[in-house]
């Protein structure tokens, strides 16, 4: 199985577990005299099985990411870089958004706000970082489809 397939299966398991949690919540209490639509014991068994599968899948994915070297770095290092780039980009975008908020003045007595950053330079930095992040994500996706799960 390829790493990308395992990542898809992990996402499916996570969705399944969330659905089971919701189904359990909907069936643990009923009006007196009624029966639940589904048996909670059956749902608990299914939940526990799905959680075991998820744990095993996460262990295999993490092992594969740590042991696979792609472009001179482990996939774990590339993922960490992607996560940090995403956080950096988020901070820059929120800063850019704050700098672009207009504050109209209706009289001379109102406070005037001025920007403390170069918006054009900040926008260029956001654009460059966005491009770098897309390229890194593409390389990670390629690695995921080329790498066998360990």
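Rule-based calculations on the coordinates, nothing more; no lab input. As the structure is a prediction and not an experimental result, all values here were calculated from the model.
Observations
- Share of pairwise Cα-Cα distances greater than 15 Å in region 45-105 is 70 percent (whole percent).
- Distance between region 1-55 and region 60-97 - C-alpha centres, whole angstrom: 30 Å
- Using the rule -39500 (n - 2.57) for each DSSP H run of four or more residues, divided by the residues of the chain, the 222 nm mean residue ellipticity is -25500 deg cm²/dmol.
- Rounded to the nearest 10 degrees, the inclination of helix 3-27 to the longest alpha-carbon principal axis of the chain is 70 degrees.
- For the Cα trace of region 70-150, dividing Rg by the Kirkwood Rh returns an Rg/Rh value of 1.25.
- Share of alpha-carbon pairs per 10 Å distance bin for region 1-67, given as whole %: 19, 40, 22, 13, 5, 1
- Applying the Kirkwood pairwise sum to the alpha-carbon positions of the chain produces a hydrodynamic radius of 19.9 angstrom.
- In the chain, the longest principal axis of the Cα atoms and the axis of helix 40-67 are about 50 degrees apart.
- On Cα atoms only, tilt of 119-146 relative to the major axis of the chain in degrees: 30 degrees
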